[in-house]
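Peer 1: Can you read through this structure? Questions will come right after.
Derivation of every value follows stated rules applied to the coordinates shown; laboratory data play no part. Everything quoted here is computed from the prediction, not taken from an experiment. Every residue, glycine as well, gets a Cβ built from its backbone with ideal geometry; the counts of neighbours run over all protein chains shown.
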């Protein structure tokens, strides 16, 4: 259907911020890197021009704020800690990393991605900032973007924890790695500290036996069955709080879980209930069918502008629905974008698709913030 | 060479099949005598070989315009005439309808959907020519449900791969305000309520632009904003007589429906105006409220660009900054499920008996006819 957009963002790797905000609302501070300069730097690298800034500075890392500039090394390491430190990145939720990874592998993966993407981030002279969600307003017309407000988010007690970050065995700790950017393995949100939260997971499983729905409805307290309305038993459990539709063919749909593991656990509990009722239920072909996530970019968005520039992907009809429906092609995710800055992402089969979609949309949305 | 044939003239057996003007003939290759001529098929003989084919599998569909499509095209033209659209719009809308009808999903749709499709084609035509037609108007004219309309509209846009521009706000203001019956005195419009059309139009337009700048329009239905803006514009042109008139009364006099969100939009617009008034020194001392600010709308609009910049430089729409800490769950999905946990969801045999008894009693009660 829609061909490539005429004003498409530059075809860079997905984690590179493609869209350049036309107005630079940030005050230029010597110690800080503005979004604009970072983008220009990475463009310069791409174009093989001589970068106007020091070659030590990484063009790729937008904002990694270190409150303690004298110890960039330790802060670099602390950034790699997933959950141990309560440092600047305590609010960065890395739980999206696949659970199969052990703690060590997790760190390894994070380190590898950090190496490949944050080469020169922590040099002596640099101070860059992670725009963590802070207590300040970043509504339209606000010159104080999240950058300048990240300071308020940091805890004063972090300095100690940062110092005591345990050494990583796998970390070669050479911040001055090569400049060539490589695609990171795990999508850590680099352009912002905002991580979409999963709200709903829909999964299906095959119990592989014919079921007597009347019997299930009779013997189970948490089941409702109204054959005139719907041809399945609706069963609910309290922990994890989910709902299941159980069909007489033995197929089951489980909805309402907040994570893949919870969905799987819930589905197993339903299968166990059915088993206890005397059916030879098994647990075959468990599959996540849909994942829904949501987050808040914390600034108002000009939806009219967005639909003008991205009309091949967007559909905005205020007479019908207050949000803009953005159908992203890669990954294939549908986003509902609202003027308040809330974004709902749906249609994913994997968690990474949600994160990737948000990484892609965030720079676009920043371009339509109140300037 | 077919076996057994002999030329009646020369008796040779060299008979060849040849076709003369596509009619097959058996000809003797020695003397050239035509032995048999091809049989002209008769429809009667051919009919024996025919088989029934359903209309949908024949090519008949493509060769003629079905009655349903004809009716749809007629409806499109009628709708364009009712809306008094320019003549070129009719042809475009008809073309869209025909294009949509090429798709099997539309051809097989219910009549209700085909009816709504008529409205969708007209709406798309109008949108593309910046003619301010709202979906509400079309739904009212077609007696259609907005939900059905929206589903069909989205489907049509996707199917035809169309680029439909958004509703043109300025045009909508002009059309909508012109429909207000306030420009001439009448039994329902007292003399003091009559207003000059141009003055009201220009002021309403300025107020709508102000609302757009201050984030009151994005994401919302455009019409209630325009109603609220028109009301304020009208009030501010003669505040001494009109401040006592409410929004509902205004709409009644103007013979226009009052959309429900219009009162909220009105409050929001007044709040914006009050914020702007705080930036003007001579208004600051007056300590304006939502009623008295109406008297100064003229001044505020005159300087609106600077005032908006001044009033909203620190960002508008401050939202409470609550950072929801992401709850990290440590579920692996493979935990052991205790029997007791599952048992809590099962009924005991006694409970089952009670439940069955209650069910039977309930059914008996509903099936027993009421005593006279």
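Peer 1: For helix B:222-237, report the angle its Cα long axis makes with the longest principal axis of the Cα atoms of chain B; keep it between 0 and 90° and round to the nearest 10°.
Peer 2: 30 degrees
Peer 1: How would you classify segment A:299-371 from its alpha-carbon gyration tensor, with a ≥ b ≥ c the square roots of the eigenvalues: rounded for a/c under 1.5, else prolate if a/b is greater than b/c, otherwise oblate?
Peer 2: Taking the square roots of the gyration eigenvalues as a ≥ b ≥ c, segment A:299-371 is prolate.
Peer 1: Quick one: if you stick a label point 7 Å off each Cα along the C-beta vector at residue B:159 and residue A:226, how many nm between them?
Peer 2: Calculated label separation equals 3.3 nm.
Peer 1: How much FRET efficiency would the formula 1/(1 + (r/R0)^6) give for residue A:215 and residue B:171, where r is the Cβ-Cβ distance and R0 is 56 Å, rounded to 0.05?
Peer 2: On the way: r = 64 Å, r/R0 = 1.14.
Approximately 0.30, to the nearest 0.05.
Peer 1: Normalising by the residue count of segment B:176-230, find the relative contact order in percent from Cα pairs under 8 Å and 6+ residues apart.
Peer 2: Contact order relative to length: 31 percent.
Peer 1: How much FRET efficiency would the formula 1/(1 + (r/R0)^6) give for residue B:336 and residue A:282, where r is the Cβ-Cβ distance and R0 is 22 Å, rounded to 0.05?
Peer 2: Once the sixth-power term is evaluated, E becomes 0.80.
Peer 1: Moving to a separate point now. So the label point goes 7 Å from the Cα of residue B:361 along Cα→C-beta, right? Which residues of segment A:191-228 then have their backbone N under 15 Å from it?
Peer 2: It comes to no residues whatsoever.
Peer 1: Ok, one more. Mind sorting A:205, B:53 by how few other Cβ atoms lie within 10 Å of their own Cβ, fewest first?
Peer 2: Ordered by Cβ neighbours within 10 Å, fewest first: B:53, A:205.
Peer 1: log₁₀ I(q)/I(0) of segment B:131-243 at q = 0.15, 0.18, 0.23 Å⁻¹, via Debye over equal Cα point scatterers, no solvent, to two decimals?
Peer 2: Here the Debye-derived log intensity ratios amount to -0.77, -0.98, -1.27.
Peer 1: If you don't mind, another one. Once you put a point 7 Å from the Cα of residue B:24 and another 7 Å from the Cα of residue A:239, both along the Cβ direction, what distance in nm separates them?
Peer 2: 8.5 nm
Peer 1: From the square roots a ≥ b ≥ c of the eigenvalues of the alpha-carbon gyration tensor of segment B:184-229, which class results: rounded (a/c under 1.5), prolate (a/b over b/c), or oblate?
Peer 2: Prolate.
Peer 1: For chain B, take the longest principal axis of its alpha carbons; what is the angle in degrees between that and the long axis of helix B:111-128, to the nearest 10 within 0 to 90?
Peer 2: 60 degrees
Peer 1: Let me ask something else. Per residue, what volume in Å³ does the Cα convex hull of chain B take up?
Peer 2: Output value, Cα hull per residue: 516 Å³.
Peer 1: I would also like to ask the following. Where does each of B:303, B:221 land when they are ranked from fewest to most other beta-carbon atoms within 10 angstrom?
Peer 2: The most exposed by this proxy come first: B:303, B:221.
Peer 1: While we're looking at this one, here's another question. What's the exposure ranking of B:124, A:216, A:234, A:337, going from fewest to most Cβ atoms within 10 Å?
Peer 2: Sorted ascending by nearby Cβ count, the order is A:234, A:216, B:124, A:337.
Peer 1: Now for a different question. Shape verdict for segment A:226-270, please, from the Cα gyration tensor: rounded (a/c under 1.5), prolate (a/b greater than b/c) or oblate. Kindly include the intermediate steps, with their values, before the conclusion.
Peer 2: Details: a/c = 2.74, a/b = 1.98, b/c = 1.38.
Since a/c reaches 1.5 and a/b is larger than b/c, the shape of segment A:226-270 is classed as prolate.
Peer 1: Then there's this: Please give the average number of partner chain Cβ atoms lying within 10 Å of the Cβ of each residue in B:132-140, rounded to a whole number. Before the final figure, lay out each step's value.
Peer 2: Values: counts 0, 0, 1, 3, 1, 0, 0, 1, 0.
Mean number of neighbouring Cβ atoms from other chains: 1.
Peer 1: Report the relative contact order of segment B:238-308, percent, no decimals, based on alpha-carbon pairs under 8 angstrom and at least 6 residues apart.
Peer 2: Value for segment B:238-308: 30 percent.
Peer 1: How far is helix B:67-82 tilted, in degrees, relative to the longest principal axis of the Cα atoms in chain B, given as a value from 0 to 90 rounded to the nearest 10?
Peer 2: Compared with the principal axis, the helix lies near 30 degrees.
Peer 1: So what's Rg/Rh here for segment B:77-177, counting alpha carbon atoms and using the Kirkwood radius for Rh?
Peer 2: Rg divided by Rh gives 0.94.
Peer 1: Here's a follow-up. For Cα pairs less than 8 Å apart in space and 6+ apart in sequence, what is the mean separation divided by the residue count of segment A:313-370, i.e. the relative contact order in percent?
Peer 2: Here the relative contact order equals 21 percent.
Peer 1: Can you give the mean number of other chain Cβ atoms that lie within 10 Å of the Cβ atoms in peptide B:238-249? Write down the numbers at each step before the final one.
Peer 2: On the way: counts 0, 0, 0, 0, 0, 0, 0, 0, 0, 0, 0, 0.
Whole-number average of other-chain Cβ neighbours for B:238-249 is 0.
Peer 1: Could you check the spin-label model distance between residue B:343 and residue B:104? Points 7 Å from the Cα along Cα→Cβ, value in nm.
Peer 2: 5.7 nm
Peer 1: Kindly provide the helix-only [θ] at 222 nm of chain B, computed as the sum of -39,500 (n - 2.57) over DSSP H runs of four or more divided by all residues, to the nearest 500 deg cm²/dmol?
Peer 2: Calculated from helices alone, the mean residue ellipticity at 222 nm is -16000 deg cm²/dmol.
Peer 1: Here's something else I'd like to know. Which FRET efficiency, nearest 0.05, do residue B:130 and residue B:353 yield, Cβ-Cβ r, R0 56 Å?
Peer 2: 0.20
Peer 1: How shielded is B:347-355 by partner chains, expressed as the average number of their Cβ atoms within 10 Å of its Cβ atoms? Write down the numbers at each step before the final one.
Peer 2: Values: counts 7, 2, 1, 0, 3, 2, 0, 0, 4.
Partner-chain Cβ atoms within 10 Å, mean over residues of B:347-355: 2.
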